[in-house]
1. Keeping all protein chains in place, calculate the accessible area per residue for the chain (probe 1.4 angstrom), answer in Å².
2. Please compute the Kirkwood hydrodynamic radius of the range 133-210 from all pairs of different C-alpha atoms, in Å with one decimal.
3. Between 144, 313, 227, whose Cα lies farthest towards the positive end of the dipole of the chain when Lys and Arg beta carbons carry +1 and Asp and Glu beta carbons carry -1, centred on the Cα centre?
4. So, in nm, how far is label residue 264 from label residue 228 when the simple model puts each one 7 Å beyond its Cα toward the Cβ?
5. At 222 nm, what helix-only mean residue ellipticity would the chain give, in deg cm²/dmol to the nearest 500, using -39500 (n - 2.57) for each DSSP H run of four or more?
6. With charges set only on the Cβ (+1 for Lys and Arg, -1 for Asp and Glu), what does the dipole of the range 276-364 come to about its Cα centre, in debye to the nearest 20?
7. Distance between the C-alpha centers of the range 119-148 and the range 56-73? Whole Å please.
8. Checking the a/c ratio against 1.5 first, then a/b against b/c, what shape does the Cα gyration tensor give for the range 1-159?
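The values are calculated or read from the model by the stated rules, or taken from the named source; none is laboratory data. Everything numeric here is computed off the predicted structure, so don't read it as measured data. Cβ sites come from the backbone with ideal geometry, for glycine too, and all protein chains shown count toward neighbours. Side chains included, ligands, DNA and RNA excluded: accessible areas come from the protein's heavy atoms. Shrake-Rupley method; radii C 1.70, N 1.55, O 1.52, S 1.80 Å.
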Amino acid sequence: MVLPNFEELLQKYAHLIAKVGVNIQKKDTVVVYASVEQATLARLVTKEAYRLGAAEVLVQWNDDTIQREFLSHAAEEKITEVPAYKIDEANDFAQKRVTRISIVSQNPDALLGVDTNRVAAFQAARGKALQAVMEATQSNKLRWTVVAAASPAWAEKVFPELASSEEQVDRLWQEIFKTTRIYTEDPVKAWEKHDATMREQAERLNKEQFSALHYTAPGTDIVIGLPENHVWEGAGSFAADGNEFMANMPTEEVFTAPDRNRVNGYITSTKPLSYAGTTLNEMKFTFKDGQVVEFSAKNGTDVLASLLAIDEGAKHLGEVALVPDPSPISQSGITFFNTLFDENASNHLALGAAYPFSVAGGTEMTKKELADAGLNSSQTHVDFMVGSAQMNIDGIRKDGSRVPIFRNGDWA
C-alpha cells in the first residue's frame with residue numbers, strides 16, 4: 001500500500017519546507033542535506049527553492065550504510081582527518097550566510113556495534129573543523145530548518161508491529177504529514193497561526209524574567225538558573241537579514257538558554273535518545289554548579305560518556321525547553337527515536353552549546369561576553385527528553401517568590 005495522494009502531499013511538504021521552513025528569498029544560495037534515499041523529496045525541495053527565486057541549490061548527500069562502513073573500517077588517521085576543502089566549504093557557507101535545509105531520515109541504530117571511540121573521535125574532529133558554519137547557524141546569522149522524511153530502517157524501528165516495510169514507511173509518512181500540518185487545507189496559513197500561538201506563550205515568560213526554574217517529578221529534583229535578560233522563543237525565529245524561519249518542523253516548544261553555572265540537582269530522562277547511531281535509555285544526571293558530576297544510563301553508558309567528553313562545554317546545559325504533555329506528538333503515544341519529534345513531545349534540556357540569541361543582544365556579543373552572561377559554549381548540542389504527565393515546574397523570581405508554570409505536565 002502507498003498513501004493515497006502521496007505525490008500531492010509530498011509536493012505540499014516540499015513547498016512548506018521552502019516557503020515557511022527557510023522562507024527562501026530572491027538570490028539565496030540554498031544547501032540541502034539529504035540521504036540518498038530521499039532523492040524524490042530533495043528534488044521537489046530544489047524545484048520549490050528555484051521557484052521562489054533561489055540563485056542556486058546545492059545538495060549534499062549522505063548514506064547510513066557508507067557512513068557505517070567508513071567508521072568501522074577506515075584507517076585510524078582518516079577518522080579524525082577533515083579534508084581542507086570541507087573546512088573551506090564550511091567557512092564559505094558561513095561567510096555567504098547560505099540557507100540550510102537538513103532532511104533527517106537516519107536509522108536510529110545505524111552505528112550500533114561500531115567502536116564508540118571511533119565515532120566520538122570522528123564527531124569531535126568534524127565539529128571542530130566545521131565550527132564556522134555551525135556558529136553561524138546557532139547564532140541565526142543565516143536561515144535554517146530541520147525536517148524529516150520516512151525511511152525503511154527508521155520506520156521499522158518506530159512501528160515494528162506492522163507487517164511490512166511498506167506499511168511501516170506509509171505510517172511514518174502519515175505522522176510526519178500530520179505533525180507538520182500537511183493535511184490542513186493550507187499548511188502555510190496553519191503554520192502562521194501556530195507561530196502566533198507559540199510566540200504569545202514565549203512573551204508571557206519573557207515578561208516574567210524568572211531567575212530560575214525548579215523541576216520536580218519521579219527521579220527529578222533540579223533547579224536551573226536563567227541568565228539575566230534571557231529570551232524565550234517559540235516556533236519561528238528571525239535571521240540576521242530580518243526574515244523569519246522555522247528552525248524545526250514540527251515544533252511545539254518554547255525555549256531559552258540556562259545559566260551554565262547555576263544548575264543544581266538531579267534529573268532523569270523520560271524518553272529514549274537516539275545519538276551517534278545508538279539508542280540511550282533511562283539516563284540520569286546529577287549537576288553541581290552547572291556541571292554534570294554523575295551520570296548513568298540503562299544502556300549505552302559508554303556512548304553517553306563519549307558525548308560528555310567531547311569538550312568542557314558538553315558537561316553543561318545549553319538549552320531549556322518547555323513542551324506540554326498534551327502536545328499532539330506526546331498524545332500520539334509514539335516514540336520516534338528521533339530528537340526532532342521526541343523533543344516536541346516532552347520538556348527537554350540540551351547538553352552543549354547555547355544559542356546566542358537566547359539573551360538580549362547575544363548575536364552581537366563576543367564569546368567572552370556570552371560566557372560572562374552565563375551562556376554555554378561547545379562543539380555539540382544534544383537534546384534529551386525529561387518531561388512527563390507527572391512533572392511540575394515553578395518559576396523562581398529574584399525575590400525568591402514562586403509562580404507555578406507547569407502542573408502535572410501541562411501549563412499552569
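1. 43 Å²
2. 15.7 Å
3. 227
4. 2.0 nm
5. After summing the helix terms and dividing by residue count, I get -10000 deg cm²/dmol.
6. 180 debye
7. 16 Å
8. Here the range 1-159 falls in the oblate category.
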